[in-house]
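Here's the structure we're looking at; comments come further down.
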Amino acid sequence: MSAGRFAPSPSGDLHIGNLRTALLAWLWARHSERGFLLRIEDLDRVRPGAEAKQLADLRAIGLTWDEEPVRQSARHALYDSAISGLVRAGRVYECFCSRREILQAPTAPHSPPGAYPGTCRELTTAQRSERRRHRPAALRLRSHVATFVVRDEIHGEFEGAVDDFVLRRGDGVPSYNLAVVVDDADQGIDQVVRGDDLLASAPRQAYLAGLLGAAVPQYVHVPLALNAAGRRLAKRDGAVTLEQLRSHGVDVFGLLAESWGLRGASPHELLRSFNPTVRPVGPWVFAPPASAR
Ligand code: GLU
């Protein structure tokens, strides 16, 4: 199957910027006659009730999806099997570093800021067994490149760092990068439309997809919604959720459509004039209605 997707983390209510990204992902998918799937990224940061609320809000703006949403928490077997394959291929090593140790380690010349310095890459068997007694190991990818290039429909060619990123955390939870790549491949997702805060992760994910024998999806990293101060929109910015905005009489769907230069009362109506090559330049600045500030 060929499909696009929206993959929220159920950590709270979606805000209008998240709803806009979901609508754009739907438009991109349906415009290219793809399926559209939802995936609940609940390996981390779950707030009880958030998933049901998010799905209700997505339905309330008229989005539809083709299958029951999948939950990452039910898919550990898939992640384990992908990691085992990489282990067999010699592409995984155990890492015992704390966050603090990583920050304090001298970085290799030319390595990008924040890249893992490779401290545990060449530990001997004896060193590993000694360290295992003190701390559970995280698993890292043994990357053979420093950077990787992806093509993005909005940003063009983008080259970004690929360090020895984490595949499974010390507490046993699969990493975001691993889970996303395994799930997109497993669900037949060949188009990824999401916020451009994740553009920097795309090279790691595309590189990993190659190692897992999966195709790299089409990437569309859409500009995030910003607040009046030019920073990424957040819930503390005031009335930003569907429910809050509706209680202030805001036509949320109309606002979302207009933010992308479109008009219509439903996603299907927007589809008639949606053209993926025509889009606003730069971010969308959202200020909550005056009555809600
Ligand atoms: N779950 C991620 C988020 O809510 C999105 C991941 C993705 O689209 O790849 O930010």
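For the stretch 156-235 and the stretch 39-107, what is the separation of their C-alpha centers, rounded to whole Å?
The distance from the Cα centre of the stretch 156-235 to that of the stretch 39-107 comes to 11 Å.
I'd like the orientation of helix 76-88 relative to the chain: the angle between its Cα long axis and the longest Cα principal axis, in ° from 0 to 90, rounded to 10.
40
Taking the stretch 134-264 on its own, what percent of its Cα-Cα pair distances exceed 17 Å?
Details: 5809 of 8515 pairs.
Taking all Cα-Cα pairs of the stretch 134-264, the fraction more than 17 Å apart is 68 percent.
Rg and Dmax of the chain over Cα atoms: what are they, in angstrom?
When restricted to the Cα atoms of the chain, Rg and Dmax are 20.5, 66 Å.
Students often get this wrong: which residues of the stretch 1-41 have the backbone nitrogen under 20 Å from the point 7 angstrom along Cα-to-C-beta of Asp197?
Answer for this model: 5-26, 39-41.
Roughly how many debye, to the nearest 20, is the charge dipole of the chain about its Cα centre, given +1 on each Lys and Arg Cβ, -1 on each Asp and Glu Cβ, and no other charges? If you can, show how the numbers build up before the last one.
Numbers: 37 positive and 33 negative charges, 165 e Å.
Using Cβ point charges on Lys, Arg, Asp and Glu, the chain gives about 800 debye.
For the stretch 31-156, take N as its residue count and report Rg(C-alpha) divided by 2.2 N^0.38 Å. Mind dumping the intermediate values first?
Working: Rg = 20.1 Å, N = 126, 2.2 N^0.38 = 13.8 Å.
Dividing the Cα Rg of the stretch 31-156 by 2.2 N^0.38 Å gives 1.46.
Taking Rh as the Kirkwood radius computed over C-alpha pairs, what is the Stokes-Einstein D of the stretch 224-283 at 20 °C in a medium of viscosity 1.002 mPa s, expressed in µm² per second?
Roughly 165 µm²/s, to the nearest whole number.
Could you work out how far helix 50-60 tilts from the main Cα principal axis of the chain, as a 0 to 90 degree angle to the nearest 10?
Around 40 degrees separate the two axes.
Placing +1 at every Lys and Arg Cβ and -1 at every Asp and Glu Cβ, with all other atoms neutral, what dipole size does the stretch 125-233 have around its Cα centre, in debye to the nearest 20?
The calculation lands at about 840 debye.
Run the numbers on the chain and let me know its relative contact order in percent, using alpha-carbon pairs under 8 Å that are six or more apart.
Values: 472 pairs, mean separation 58.0, N = 293.
About 20 percent, as a whole number.
Which residue, Thr64, Gly90, Leu19, has the largest displacement toward the positive end of the dipole of the stretch 1-101 when charges sit on each Cβ (Lys, Arg +1; Asp, Glu -1)?
Projecting each Cα onto the dipole axis, the largest value belongs to Gly90.
For the stretch 1-70, what does the relative contact order come out to in percent, with C-alpha contacts under 8 Å and a separation of six or more?
Answer for the stretch 1-70 is 43 percent.
Considering the alpha-carbon set of the stretch 9-104 alone, what are its Rg and its Dmax in angstrom?
Gyration radius and largest Cα-Cα distance of the stretch 9-104: 17.7, 49 Å.
No lab work stands behind these numbers, since they all come straight from the coordinates. Keep in mind that what you see is a predicted model, and the values were worked out from it rather than measured. Note: ideal-geometry Cβ built from the backbone for every residue, glycine included; neighbour counts use all protein chains shown.
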